[in-house]
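K.L.:
Before we start, here is the structure in question, set down as structure tokens.
Each value in this text was obtained by applying a stated rule to the coordinates, not by laboratory testing. Please read all numbers here as calculations on a predicted model, not as lab measurements. Cβ sites come from the backbone with ideal geometry, for glycine too, and all protein chains shown count toward neighbours.
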Amino acid sequence: MGHAHLVCEGLVATQGLEPNAATDLASWWHTDADLGRDVETFADMTKSRMLGFLDYQPTVNSFLDLFEALREARIIPRLG
């Protein structure tokens, strides 16, 4: 992702976004670690539920809410 800063700077200039360093917007090492795993991850929410974390939101809604918040903060451009 060595060129990410150039892409971010271009988007800021053309889309009127807030200036942010690409390294502040994503943890590339974490993404590389997640996507570079040789094995699948097994996740179980039982312990969280037993500790009282009972709220639920479908994954797609989480992404939609996140992207709308990023648009409102002018970190990513609006569509269209």
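K.L.:
Nearest 20 debye, what's the magnitude of the dipole of the chain about its Cα centre given +1 on Lys and Arg Cβ and -1 on Asp and Glu Cβ?
P.N.:
Values: 6 positive and 12 negative charges, 32 e Å.
Computed about the Cα centre, the dipole is about 160 debye.
K.L.:
With an 8 Å cut-off on Cα pairs and a minimum separation of 6 or more residues, tell me the relative contact order of the chain in percent.
P.N.:
Values: 29 pairs, mean separation 30.9, N = 80.
The normalised contact order for the chain reaches 39 percent.
K.L.:
Just name one of Val60, Thr46, Ile76: the one whose Cα is farthest towards the positive end of the charge dipole of region 34-80 (beta-carbon charges, Lys/Arg +1, Asp/Glu -1).
P.N.:
Ile76
K.L.:
Hey, rough spin-label estimate for Trp29 and Leu51, points 7 angstrom out along Cα→Cβ, what's it come to in nanometres?
P.N.:
2.4 nm
K.L.:
Take Val12 and Arg71, extend 7 Å from each Cα along the Cα→Cβ direction, and tell me the distance between the two endpoints in nm.
P.N.:
That separation, rounded to one decimal, is 2.3 nm.
K.L.:
Given (1) 26; (2) 59; (3) 45 as candidate values of percent of Cα pairs over 19 Å apart, which corresponds to the one derived from the coordinates?
P.N.:
Answer by label: (2).
K.L.:
Under a crude label model (7 Å from the Cα following the beta-carbon direction), how far is Val60 from Leu79 in nanometres?
P.N.:
That separation, rounded to one decimal, is 1.2 nm.
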